[in-house]
Amino acid sequence: MTEVSDKRAAELVSAAEGERPARELSGPLRLGVWIIGGLLSAYSLVVVFQPVEPVQHRMTFLAVALPLVFLRYRSGLVALVRRLRGQEPPEQQRGEAPTIIDWVLAALSLGVLLYPLLDIDAFRDRGSSSNLSTWDIIGGLGLTVLLLEAVRRTVGSALSIICGIFLVYAYLGNYLPVSWPIGHRGFDLGQIISQLYTGTEGFFGVPMQVAASYIILFTIYGAVLDYSGASKFFIDLSFAAFRKSRAAPGRTVTTAGFLLGTVSGSGTATTVSLGSVAWPVLKRAGYPREAAGGILAASGIGAILSPPTLGAAAFIIAEQLGVSYLTVLLYATIPTILYYLGIFLAIEIDSRRFGTHAVEVDAPKAGKLMLRFGYHFSSLILIIVLMALDRSAFQSVVIATFVAFALSFLDPAHRMGPKRVGQALAKGTLEVLPVTAVCAAAGIIVGVITQTGLGLNLSSIIVDVAAGNLIFTTIMAGLAVMLLGLAVPVTASYIIAAVIIAPALMTLGVDKAEAYMFIFYYAVLSEVSPPTALSAVAAAAITGGNTYRTMMMTWRYTLPAFLVPFAFVLTPNGQALLAQGPIGTILALTAVSGVAVLALAMATGGFTGWPERVIAAGAGILLLFLEPVPIVAGFAVLAVATAVHLIRKRRTPA
């Protein structure tokens with residue numbers, strides 16, 4: 001069996017998530033960082049039941065997290081200089097210590113964030129009255145520069161550059177021609193710092209609130225589940241559930257990806273975790289390397305879409321809409337089902353095209369596994385139940401975390417003693433560091449857009465370019481979000497698009513929920529879109545397949561379900577796919593959408609011929625309009641595609 005070492009897995013996850021690999025700390029420093037991380041997680045759990053004033057909580061959280069970023073992540077400047085000189089980058093050694101510069105940046109991060117906490121009321125009063133002191137401006141400038149550097153270290157230069165462009169725009173926008181719709185009166189340094197540093201429209205706005213509450217709590221929960229043996233159970237159960245048919249290996253991997261994704265919320269982490277176990281099985285079943293990589297990447301990306309632990313952007317949606325996280329989970333349920341249905345159908349088609357076969361896997365019986373370890377599902381179910389009983393998402397996930405901890409004692413191999421508890425708490429914090437940096441830096445973009453009115457101006461431009469046509473506007477919006485996602489992580493691309501593109505859709509009559517969910521799904525789609533397709537890169541590294549062909553296979557597996565979000569926006573009945581409306585309508589239109597995904601899977605698959613694939617594509621698109629006349633026409637066209645396939649198959653010699 002091909003194995004992926006822990007270190008190699010971490011590198012794959014970091015590279016594919018757009019993150020720089022973290023340092024391999026050792027000795028007292030490693031222990032100290034883990035202790036601080038554990039304490040921050042413990043603080044986050046306590047705050048759920050003993051609330052702290054929101055801005056104060058966000059500042060405190062960032063005051064601990066940002067210094068850890070500089071201690072954990074390298075600057076990369078040495079490697080850059082060596083590459084510019086044509087030399088090989090230096091080998092990263094285990095136990096690599098932070099440099100003096102890293103320690104200085106960590107200390108400055110702590111200083112500029114503790115400074116306003118010394119007298120936060122007076123600090124906010126100065127900000128609201130635009131009467132900042134010199135130290136306020138120095139602190140705000142310092143935090144801005146530090147966040148840009150933290151983002152560069154953790155997710156690359158693209159987002160830092162974008163944030164820098166927005167800052168320049170805020171300061172020099174008055175020099176733009178008056179006739180330009182994006183021109184504004186200009187803002188001085190004090191006004192910009194006041195917007196970003198002292199209020200809730202900048203660094204400490206909604207994105208930071210999400211990182212310091214939702215995301216940290218769910219990463220702690222995921223870490224506890226992982227240390228309690230849930231991840232192993234989910235993989236074993238998936239392999240035990242499908243044993244006999246030739247499509248079983250592919251279905252097994254997809255199911256395992258979904259189960260892992262419910263607690264991960266990270267697409268590429270799921271891909272890598274799954275790949276080290278599943279690739280040998282797919283290989284034995286007869287899958288080519290690129291097809292196997294496509295299945296792994298598509299299944300992994302589903303982690304960002306799978307309740308109850310959706311990607312970070314979903315938590316931001318809940319805050320923006322002012323609805324409970326349970327509501328967002330309901331929005332995501334049917335699209336998630338359709339997403340995995342598309343993958344299952346594509347796998348069924350490919351099992352015939354590639355001539356795959358069943359594989360015997362040394363795994364216990366599914367029934368035996370459920371009886372022995374089925375309790376791992378209880379905390380997942382408990383989250384949903386508690387939120388349905390009007391518990392907040394924060395309290396629900398914390399209670400579920402304690403339940404998962406208590407249940408770990410049912411498995412002697414994974415009992416969570418003090419050491420495992422400490423490791424899980426530390427892991428919860430360390431995994432959220434890059435997202436925290438992104439969310440805080442994204443506050444620059446949100447703050448500038450709010451201050452200058454850029455969002456409304458750009459949305460007006462989008463509507464004008466599309467001549468007020470909703471179809472063209474939606475296509476432009478999808479392409480814009482995908483292109484943005486090629487440069488920045490899913491969370492950042494969603495935040496930027498939500499404040500610029502969503503208003504354009506809403507101007508044309510699209511409801512807020514549909515607009516935000518459309519943008520969310522296309523931000524996720526950027527993770528599987530060439531030429532980057534970051535999850536596919538990780539999958540190709542595991543299977544040894546051609547990277548570009550793996551990207552294309554991943555795109556093919558995911559494309560049918562990602563055409564579904566157009567139904568949110570282009571038809572009034574699209575709200576049924578977000579579980580809104582009468583239950584009968586929801587069920588009927590979900591069934592129609594399932595048939596649409598089937599038609600699109602036929603179109604993108606290689607088992608049928610080109611004539612029926614083109615006809616099936618037309619049928620799928622018609623069905624997704626979710627209106628009576630297009631639905632009837634779609635079923636008729638699909639029947640034609642099926643008839644053409646049967647006729648061509650009968651005429652083809654065996």
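The values are calculated or read from the model by the stated rules, or taken from the named source; none is laboratory data. Just so it is clear, the model here is predicted, and its values are computed rather than measured. Glycine gets a Cβ as well: all are built from the backbone with ideal geometry, and neighbour counts include every protein chain shown. These accessible areas exclude ligands, DNA and RNA; they are computed on the full protein's heavy atoms, side chains included. Shrake-Rupley method; radii C 1.70, N 1.55, O 1.52, S 1.80 Å.
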Legend entry - Residue in the stretch 564-589 that is surrounded by the most Cβ atoms within 10 Å (Cβ to Cβ), counting only those that are more than 24 Å from the chain's Cα centre (by Cα) and touching a residue at least 24 places away in the same chain (Cβ under 8 Å): Leu589
Inset, instruction - Exactly one condition in (1) surrounded by 20 or more Cβ atoms within 10 Å (Cβ to Cβ); (2) within 26 Å of the chain's Cα centre (by Cα) is not met by Thr450; state its number. - result: (1)
Legend entry - Of residues in the stretch 264-301 being open to solvent by 10 Å² or more (accessible area, probe 1.4 Å) and farther than 16 Å from Thr543 by Cβ, the one modelled with the lowest pLDDT: Gly265
Inset, instruction - Check whether at least one residue in the stretch 628-647 is modelled with pLDDT under 90 and in contact with a Leu (Cβ under 6 Å, 6 or more places away or on another chain), and report yes or no. - result: no
Inset, instruction - Select, from Ala466, Ala480, the only residue that is under 30 Å from Leu622 (Cβ atoms), among the small types (Gly, Ala, Ser), at pLDDT below 90 and open to solvent by 10 Å² or more (accessible area, probe 1.4 Å). - result: Ala480
Inset, instruction - Identify all residues within the stretch 368-398 that are under 17 Å from Leu259 (Cα atoms), part of a helix (DSSP H, G or I) and among the small types (Gly, Ala, Ser); write none if there are none. - result: Ser378, Ser379
Legend entry - Residue match in the stretch 646-653 (condition: surrounded by 18 or more Cβ atoms within 10 Å (Cβ to Cβ) and in a helix (DSSP H, G or I)): no
Inset, instruction - Under 6 Å between Cβ atoms, at least 6 apart or on separate chains: pull out the pairs that start in the stretch 449-477 with a residue that is closer than 26 Å to Thr571 by Cβ and end on any residue that is aromatic (Phe, Trp, Tyr) and assigned to a helix (DSSP H, G or I). - result: Ala466/Phe472
Legend entry - Positions within the stretch 303-322 being touching a residue at least 40 places away in the same chain (Cβ under 8 Å) and either in a loop (DSSP other than H, G, I, E, B) or surrounded by fewer than 24 Cβ atoms within 10 Å (Cβ to Cβ) (or both), in sequence order: Leu305, Ser306, Pro307, Pro308, Thr309, Leu310, Gly311, Ala318, Glu319, Gln320, Leu321
Inset, instruction - Return only the number of the condition from (1) open to solvent by less than 60 Å² (accessible area, probe 1.4 Å); (2) closer than 21 Å to Ala298 by Cβ that Ile383 does not satisfy. - result: (2)
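Here is a yes/no grid of residues against (1) assigned to a helix (DSSP H, G or I); (2) in contact with a Leu (Cβ under 7 Å, 6 or more places away or on another chain); (3) at pLDDT 60 or above; (4) open to solvent by less than 30 Å² (accessible area, probe 1.4 Å):
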position	(1), (2), (3), (4)
Glu3	no, no, no, no
Ala10	yes, no, no, no
Gly18	no, yes, no, yes
Ile35	yes, no, yes, no
Pro51	no, no, yes, no
Pro67	yes, yes, yes, yes
Arg83	yes, no, yes, no
Gln87	no, no, yes, no
Gln92	no, no, no, no
Legend entry - Unique match (being of a type in the set (A, V, I, L, M), in a helix (DSSP H, G or I) and farther than 26 Å from Leu330 by Cβ) among Ala497, Ala515, Ala492, Ala538: Ala538
Inset, instruction - Kindly indicate whether Ile347 is surrounded by fewer than 20 Cβ atoms within 10 Å (Cβ to Cβ), within 27 Å of the chain's Cα centre (by Cα) and under 28 Å from Tyr287 (Cβ atoms). - result: no
Inset, instruction - Evaluate the following for Arg185: is it in contact (Cβ under 8 Å) with a residue 24 or more places away in the chain, open to solvent by 10 Å² or more (accessible area, probe 1.4 Å) and of a type outside the set (Val, Ile, Thr)? - result: no
Inset, instruction - Select from the stretch 619-645 the residues that are of a type outside the set (A, V, I, L, M, F, W, C) and without any contact (Cβ under 8 Å) to a residue 12 or more places away in the chain and write down the one among them that is most open to solvent (accessible area, probe 1.4 Å). - result: Pro628
Inset, instruction - Give Ala616, Ala515, Ala603 a once-over and let me know the one that is free of Cβ contacts under 8 Å to residues at least 60 places away in the same chain, in contact with a Lys or Arg (Cβ under 7 Å, 6 or more places away or on another chain) and crowded, with 20+ Cβ neighbours inside 10 Å. - result: Ala603
Inset, instruction - Just give me the residues in the stretch 408-455 being farther than 25 Å from Ala502 by Cα and hydrophobic (A, V, I, L, M, F, W, C), in sequence order. - result: Phe409, Leu410, Ala413, Met416, Val421, Ala424, Leu425, Ala426, Leu430, Val432, Leu433
Inset, instruction - Output the number of the condition that Thr507 fails; it satisfies all remaining conditions of (1) within 26 Å of Thr336 (Cα to Cα); (2) modelled with pLDDT of 85 or more; (3) of a type in the set (Val, Ile, Thr). - result: (1)
Legend entry - Matching residues, the stretch 457-481, being assigned to a helix (DSSP H, G or I), of a type in the set (A, V, I, L, M) and under 26 Å from Tyr169 (Cβ atoms): Leu458, Ile461, Ile462, Val463, Val465, Met476, Ala477, Leu479, Ala480, Val481
Legend entry - Subset tally (residues that are open to solvent by 50 Å² or more (accessible area, probe 1.4 Å) and either part of a helix (DSSP H, G or I) or at pLDDT below 90 (or both)) for the stretch 414-426: 4
Legend entry - Residue count for the stretch 501-512, restricted to those that are part of a helix (DSSP H, G or I) and either over 17 Å from Thr473 (Cβ atoms) or open to solvent by 20 Å² or more (accessible area, probe 1.4 Å) (or both): 4
Legend entry - Any helices (runs of 4 or more DSSP H) falling wholly within the stretch 116-183 and containing at least 1 residues that are under 20 Å from His57 (Cβ atoms) and either in contact with a His (Cβ under 7 Å, 6 or more places away or on another chain) or hydrophobic (A, V, I, L, M, F, W, C) (or both): 120-128, 134-155
Inset, instruction - Test each condition in (1) more than 25 Å from the chain's Cα centre (by Cα); (2) open to solvent by less than 20 Å² (accessible area, probe 1.4 Å); (3) over 26 Å from Phe218 (Cα atoms) for Asp411 and report the one that comes out false. - result: (3)
Inset, instruction - Go through the stretch 209-228 and count every residue that is more than 18 Å from Met416 (Cβ to Cβ) and surrounded by fewer than 24 Cβ atoms within 10 Å (Cβ to Cβ). - result: 3
Legend entry - Among the candidates Gln195, Gln191, residue that is surrounded by 21 or more Cβ atoms within 10 Å (Cβ to Cβ) and either assigned to a helix (DSSP H, G or I) or polar (S, T, N, Q) (or both): Gln195
